[in-house]
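Each remark here refers to the structure printed beneath this line.
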Amino acid sequence: MKKALVLTLSFAMLLTTLVGCSSSKTTTAPATDTTKASDITITFIPKLTGNAFFESANKGAQKYAKKWGFKVDYEGDATASAAAQVAVINKAVEKGTNGICLSSVDAAGVKDALKAAAAAGVTVTTWDSDVDSTVRKIMVSQGTPKQLGEMLVQMSYDSLKDRGKNPDVDAIKYCWHYSNASVTDQNSWQVEGEKYIKQKYPKWVNVAPSNYYSNQDAEQAISVGESILAAHSDIDLVICNDSTSLPGQAQAAQNKGLKAKDVTITGFASPNSMKQYIKDGILTRWGLWDCGVQGGMGCYIANYLASGNKVKVGDKINIPDIGTVEVMPNSVLDPAASDADTSSGVVLLPERTVFTKDNMDNFDF
């Protein structure tokens, strides 16, 4: 269960507290700009609007921003595409936004628009799904690719055991179903998950090495889910590492009269989008993180930087009502990333959660 770490900082300290990596004590540094929080607007951009995960993240961002005293504009498009996000970015810059916090559909597709935004004086940060670290300052990530890839596999393992399989020795037939290969976060989790499977469960068989994609489209997620079940009638496991493919795959199984005893389905999605499928016996567990906290953290850090504060790798930032986070090097997400620019880094969420029938009603997002 989420337990907020309530900080007793006064509002005047909210945008000025840093802990240097060389000291165990909290130190307070003056902001480098006198911009008031109430004058700041952060544009919070999802991959697409109307999705339970992103709408919940926005609710969290709005709730926290109201406490913290700055404005968050939630701007997006119902279509998950680079072109749509570029239009949203350009519009935000034209309106005079102070900062952008973006979950990228396609890192390469939005790179030029973000570079132009930064050149215009807009603070660029990311959350959920990253871009090239040279065009943003801080990424607020739900976890490292290794953490999340292994979490997906562990949930698969536990769910397979629930239905009487022996995943340590059985030749488990499985595949991946998610949005598309250009979505940085989901693709990195799949890569790490595959690596973990090969190390731990070499007898497992990936029946579709090219993966199944449904482009974060709810209707397509169901139709692709049905095609998986039709093409592989003896499949044991479908891993759905995005918040549209998982409910779509569960619905596809339900449409075909399949339950958790027939095929294992797991992945990442918001609790409220999956609770009915647990009640209906379609799956036994899935996971996520508190996307409301992630939305709040992303907007807080965008606001912090847009207010003129500087951070570097190793610094710790006190986020009121959430806790203290450390700025880590970009290589924690992408081993190929350069860590030369220490003003660009990554902040991780404190924890991730596995949902089952026993704990799912403790969460409402």
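Here are the numbers for this structure:
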{"quantity": "Label-point separation in nm, Q276 to K261, each point 7 Å along Cα→Cβ", "calculated": "2.3 nm"}
{"quantity": "With Cα atoms, 0 to 90° folded angle of helix 145-162 axis to the chain main axis", "calculated": "30 degrees"}
{"quantity": "Where the stretch 221-365 is the region considered: accessible area per residue in Å², 1.4 Å probe", "calculated": "33 Å²"}
{"quantity": "Calculated over the chain: convex hull of Cα atoms, volume per residue (Å³)", "calculated": "130 Å³"}
{"quantity": "Whole-number D in µm²/s for the stretch 249-365 (Stokes-Einstein; Kirkwood sum over Cα pairs; 4 °C, 1.567 mPa s)", "calculated": "77 µm²/s"}
{"quantity": "Cross-link reach list, aspartates and glutamates versus K165, counting only Cα pairs under 13 Å and skipping chain neighbours closer than eight places", "calculated": "D236, D262"}
{"quantity": "Carbon plus sulfur fraction of accessible area for the chain, probe 1.4 Å, in percent", "calculated": "51 percent"}
{"quantity": "Rel. contact order, % - alpha carbon contacts under 8 angstrom, at least six apart, the stretch 199-264", "calculated": "34 percent"}
{"quantity": "Per residue accessible area of the stretch 84-147, 1.4 Å probe, in Å²", "calculated": "34 Å²"}
{"quantity": "Fraction of beta bridges assigned by DSSP in the chain that are antiparallel (%, nearest 5)", "calculated": "30 percent"}
{"quantity": "DSSP beta bridge pairing in the stretch 208-365, given as percent antiparallel to the nearest 5", "calculated": "60 percent"}
{"quantity": "Whichever aspartates and glutamates have a C-alpha closer than 20 Å to that of K59, once near sequence neighbours (fewer than 8 apart) are set aside", "calculated": "D73, E75, D77, D128, D242, D290, D321, E351, D361, D364"}
{"quantity": "Contact order normalised by residue count of the stretch 69-216, Cα under 8 Å, 6+ apart, percent", "calculated": "21 percent"}
{"quantity": "Simple label model, 7 Å out from Cα along Cβ direction - N359 to N166, nm", "calculated": "2.9 nm"}
{"quantity": "Mean residue ellipticity (222 nm) of the chain, computed from DSSP H runs ≥ 4 via -39,500 (n - 2.57), nearest 500", "calculated": "-11500 deg cm²/dmol"}
{"quantity": "Residues of type aspartates and glutamates that K111 reaches as a straight line, Cα spacing below 15 Å, ignoring anything fewer than 8 places off in the same chain", "calculated": "D130, D132"}
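The values are calculated or read from the model by the stated rules, or taken from the named source; none is laboratory data. Quick caveat: nothing in here was measured; it's all calculated off a predicted structure. Please note: Cβ atoms are built from the backbone with ideal geometry, for glycine as well, and neighbour counts cover all protein chains shown. In case anyone asks, the SASA skips ligands and DNA or RNA and just uses the protein heavy atoms, side chains included. Shrake-Rupley method; radii C 1.70, N 1.55, O 1.52, S 1.80 Å.
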